[in-house]
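The values are calculated or read from the model by the stated rules, or taken from the named source; none is laboratory data. Everything quoted here is computed from the prediction, not taken from an experiment. So basically every Cβ, Gly included, is an ideal-geometry build from the backbone, and we count neighbours across all protein chains shown.
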Amino acid sequence: MLAGMTSEPEQQIGVGSPDAFQRLWTPHRMAYIQGENKPSGSAAGDGCPFCEIPAKSDEDGLVVARGAHVYAVLNLYPYNGGHLMVVPFRHVADYTGLTDAETVELADFTKRAMTALRAASGAHGFNIGMNQGDAAGAGIAAHLHQHLVPRWGGDTNFMPVIGHTKVLPQLLADTRRMIAAAWPTD
């Protein structure tokens, strides 16, 4: 134990009543939540960090590797250790806007990133994906980027583990109806 610390929960002014939860603090995420480093607009010259990173040294920009059309960079606000992104050099928002060469190299860099993360950290699995548009949760929607989040057995979201709860915004019956109504018939 650190000096002055006990194993008993102590009430602190402003944080409510003591409970059985142990808090994990991630203050670095507050910068992301508050929009720090977020572009002022959607154009390449509007402070897009994905356009600015390639001009920096690999160390300063957290760039892992550079290709002809894309680069791999560590996420400044990671969800897990080793969370990186594959980003086209060109300022393009939508996956369908990629050229064939960009698409091929993005796929190749994804494979290379998986290989590197397995070798470097022994990752057991990965969450890989893109959030396309603000409504889909893209933090920087104007510049496409694919996330690769390494995962390990036992590494899971806290809600199902501690709270024995899954967070769903809609009743399953309502979700089923919505999807069934939109299902293509041809």
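Looking at region 104-124, which of the residues that are outside any helix (DSSP H, G or I) and touching a Gly at 6+ places or on another chain (Cβ under 9 Å) is surrounded by the fewest Cβ atoms within 10 Å (Cβ to Cβ)? Top of the filtered list is 124.
Listed by position, the helices (runs of 4 or more DSSP H) enclosed by region 6-92 that each have at least 1 residues that are at pLDDT below 90 are 28-33, 58-61.
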